[in-house]
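Structure first, then comments.
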């Protein structure tokens, strides 16, 4: 079991790009030209789960990285490649080509200004292949690793940690992990969470065929009428969410501290 990490456990406050002047950013770039960017999306998590739960996870991970490593934290990006959830009210998404062009544009802008490392923290598995395209294009052009991305749901060490705590059937993502972490980070949002029903998920083969045949959002809602992708009736566990948050930060510090600690 990992040591529990408290939010902003060190004295330094996070550095939010949107709350800094250009002169403050310009001065900071002379010392630490690095940026962390939280990526989320709008998805359903059962009948009671907040649509932005994944984004909440990414946002707080970036805040903590900013606090610990003194890197600037970009504003949250909540719109991404979550088109499968289109049939559920509120779940807006953008096409993958638009997503790629958007990330390319903002990255080129930041690199032009003097940022030398940009790390995306992603909590939406569907975004991964598109972020990878952005990273490969820019890094190949610059002939150096300027862009990095971290998706905790696809990290093997974190996956092993999650599997020790969650034994229920899930499809496409670790819904209970997302809700548990969001509940730890923003408990007030879960004060009226009342989705404690047990749901039966579609056969994995049926789900795979849906993926291969175009990922139609109407059919997705028929496959997952509750909007949930987990059979766990408990929904979330904020204590587990706290442990998971701490473990993710441990892995990030192990794997990406050197990426974000470069000399200008």
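The values are calculated or read from the model by the stated rules, or taken from the named source; none is laboratory data. This structure is a prediction, so every number in the text was calculated from the model and none was measured. Heads up, the Cβs are rebuilt from the backbone with ideal geometry, glycines too, and the neighbour counts pull from every protein chain shown.
Per this entry, residue 58 is not counted among residues that are exposed (fewer than 13 other Cβ atoms within 10 Å of the Cβ) and either farther than 30 Å from residue 171 by Cα or modelled with pLDDT of 95 or more (or both).
Here is a yes/no grid of residues against (1) at pLDDT below 95; (2) surrounded by fewer than 19 Cβ atoms within 10 Å (Cβ to Cβ); (3) in a strand (DSSP E or B):
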| site | (1), (2), (3) |
| --- | --- |
| 93 | no, no, no |
| 98 | no, yes, no |
| 101 | no, yes, no |
| 105 | no, yes, no |
| 109 | no, yes, no |
| 112 | no, yes, no |
| 118 | no, no, yes |
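Quick one: in segment 130-158, which of the residues that are surrounded by fewer than 14 Cβ atoms within 10 Å (Cβ to Cβ) and free of Cβ contacts under 8 Å to residues at least 12 places away in the same chain is nearest to residue 204 (Cα to Cα)? The selected residue is 156. Residues in segment 196-223 that are within 19 Å of residue 86 (Cα to Cα) and without any contact (Cβ under 8 Å) to a residue 24 or more places away in the chain: 208, 209, 210, 211, 212, 213, 214, 216, 219, 222, 223. As a summary of the residue check, residue 7 satisfies the conditions (1) surrounded by fewer than 18 Cβ atoms within 10 Å (Cβ to Cβ); (2) modelled with pLDDT of 90 or more; (3) under 20 Å from the mean Cα position of the chain (by Cα) except for the one numbered (2).
Is segment 17-25 home to any residue that is part of a loop (DSSP other than H, G, I, E, B), at pLDDT 95 or above and buried (at least 17 other Cβ atoms within 10 Å of the Cβ)? No: zero hits.
Residues that are at pLDDT below 90, closer than 21 Å to residue 42 by Cβ and not in a helix (DSSP H, G or I) do not occur anywhere in segment 202-222. Has segment 177-193 got any residue that is touching a strand residue (DSSP E or B) at 6+ places or on another chain (Cβ under 7 Å) and either within 22 Å of residue 57 (Cβ to Cβ) or surrounded by fewer than 19 Cβ atoms within 10 Å (Cβ to Cβ) (or both)? Looking through segment 177-193, at least one residue is touching a strand residue (DSSP E or B) at 6+ places or on another chain (Cβ under 7 Å) and either within 22 Å of residue 57 (Cβ to Cβ) or surrounded by fewer than 19 Cβ atoms within 10 Å (Cβ to Cβ) (or both).
Got at least one residue in segment 229-244 being surrounded by fewer than 20 Cβ atoms within 10 Å (Cβ to Cβ) and either touching a strand residue (DSSP E or B) at 6+ places or on another chain (Cβ under 6 Å) or farther than 27 Å from residue 61 by Cβ (or both)? Yes, segment 229-244 contains a residue that is surrounded by fewer than 20 Cβ atoms within 10 Å (Cβ to Cβ) and either touching a strand residue (DSSP E or B) at 6+ places or on another chain (Cβ under 6 Å) or farther than 27 Å from residue 61 by Cβ (or both). Residues that are closer than 15 Å to residue 44 by Cα and either touching a residue at least 24 places away in the same chain (Cβ under 8 Å) or crowded, with 18+ Cβ neighbours inside 10 Å (or both) are absent from segment 159-169 altogether.
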